[in-house]
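Worksheet: one structure, shown below.
Any read-out appearing in this document is the output of simple, stated calculations on the displayed coordinates, not a laboratory observation. Everything numeric in this text was worked out from a predicted model, so none of it was measured. We place every Cβ from the backbone using ideal geometry, glycine too, and count neighbours over all the protein chains shown.
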Amino acid sequence: MKTLVVGAGIAGLTLGGLLCWQERPPVIVERSASPADGYAIGLYPLGSCVLHGLDAYREMAARSLVLERYELSAGSGRVLQSLDMSVLTGAIGPLLMVSRGDLVDVLEACCASADLRRGVTVSSLTQHSDGVEAVFSDGTSGGFDVVVACDGMSSLTRERVFGPATGFDTGWALWTWWTGGDGFDPRVAREWCGPGWFFGVYPVPGRVMCAAGGPAGMAGGDDPGPVLRDSLAALSGRNPAVAAALGDLGPAYEWPMSDVRASRWVRGRVALCGDAAAGFLPAAGVGASTAMRAAAGLADELSRADARTAPLALQLYEKRCRIVIERNQTESRRLARAMFVTSPLLARARDHIARRYPAERALSHIIASAHKPF
């Protein structure tokens, strides 16, 4: 069975590695010429369990650190929640903090027998009853039994084959950058939420990713630094570590706080996986883990199929994974609604609830999904 995977991100490389493990190495095309370092990822056991099946968990653990605690604070600096992560995930494994670049490196090593083509995109797809013809940007073409779009929330493959997808837009944006992390506890992820602003720090080995947010368009131009420093002035004035992190703010990645949900995941021999099917807001930090688990579910269904029965395997994959994933996505949306508010009155109400509503209850659906087969 010949499989084309479009996109060498987390979902695409997880799927590629598992297909290589099945001795059915795919063709993988990726538009970027080289992988970017990206951002920090919190990898729940929901997704990291897949690495055991690739014999890559130890390598991932060596590049990660175990997150021991999560703290949520009000804009005033008052701690609203302080959660021991072992209470949340201890029964199924640790939550690993890793850079996206390191995770991609580990997954790409699992795809050694795949035909990975960087700097290449799909120009067209033509689907027939017995296969899909793909034409690539480098002038080559090929026939495939299955095509899986793992090309992210702005998936061109999804647009071509399935049409427009719906989504949820918070109206906010985050700007992320890396800093050395002086003054921050490397075992703790911390977030501060105020009316109209957000700041978070997420440790990985040797450094910390910072994220500052506010209403989309607030920073304007190419340099968000002055506006972000101004909006976070009260917090940085009380917290020297935050002030130092804002001092390190140079080139920052702007991340629109919106997601996407495809109305269907399968059409004939073409399927969506990862962010192309259900792209996550970072509110619960579960997007990467869910993408890996979805790719594993798809690979498992394909392991029992041949070229003729591949369309059925894709249908079974959607039935198997979609409900759980969309519930987790809904949970992330609910958390984002609470985090990203501009009204001082709503911010006070949010803080009041956060002091009394345990974080483990807020994430209950996501944690429960680690105990469900999908």
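What to note about this one:
- DSSP assigns beta bridges within the chain; of those with both partners inside it, close to 70 percent run antiparallel.
- Label-point separation in nm, Y253 to Q315, each point 7 Å along Cα→Cβ: 3.8 nm
- Cα-projected label distance for A368 with Q22, points at 7 Å along beta-carbon direction, nm: 3.0 nm
- In plain terms, the chain from I92 to S76 could stretch by 2.3 nm, reckoned as 0.36 nm per residue minus the Cα-Cα distance.
- Under a model in which nothing but the beta-carbon of Lys, Arg (+1) and Asp, Glu (-1) is charged, the chain shows a dipole of about 1180 debye around its Cα centre.
- Net charge of the neighbourhood of I10, taken over other residues with C-beta under 13 Å away and scored Lys/Arg +1, Asp/Glu -1, is -4.
- Computed over region 132-174: relative contact order in percent, which uses C-alpha pairs under 8 Å that are six or more apart: 21 percent
- Applying the Karplus relation 6.51 cos²θ - 1.76 cosθ + 1.60 with θ = phi - 60° to region 59-74 yields 3J(HN,Hα) values of 5, 5, 4, 5, 9, 10, 10, 7, 7, 9, 8, 10, 10, 10, 10, 6 Hz, where x marks Gly and Pro.
- 3J(HN,Hα) couplings calculated from phi for region 29-35 with the Karplus curve 6.51 cos²θ - 1.76 cosθ + 1.60 (θ = phi - 60°) are, in sequence order, 10, 9, 5, 7, 6, 8, x Hz; Gly and Pro show x.
- Normalised contact order of the chain, rounded percent, pairs of Cα under 8 Å and 6 or more residues apart: 22 percent
- Largest-first principal axis extents of the Cα set of region 1-148 (Å): 58, 33, 28
- If the chain linking R118 and R238 were pulled fully straight, counting 0.36 nm for each residue of separation and taking away their Cα-Cα distance, it would gain 38.6 nm.
- A cut-off of 5 Å between modelled amide H atoms, ignoring neighbours fewer than 5 places along the same chain, links I28 with V5, D115, L116, R117.
- Karplus-derived 3J(HN,Hα), 6.51/-1.76/1.60, for each residue of region 112-124, Hz, glycine and proline x: 4, 8, 6, 8, 8, 10, 8, x, 10, 10, 8, 7, 7
- Amide hydrogen neighbours beyond the local backbone of W172, cut-off 5 Å, H modeled: A216, M257
- The mean sequence separation of alpha-carbon pairs under 8 Å and at least six residues apart, normalised by the residue count of region 1-155, gives a relative contact order of 36 percent.
- Convex hull per residue volume in Å³, alpha carbons only, for region 169-257: 89 Å³
- Debye intensity ratio in log₁₀ form over the Cα atoms of the chain, taken at each q of 0.06 Å⁻¹: -0.23
- Efficiency of FRET from Cβ geometry, D37 and T166, R₀ 41 Å, rounded to 0.05: 0.85
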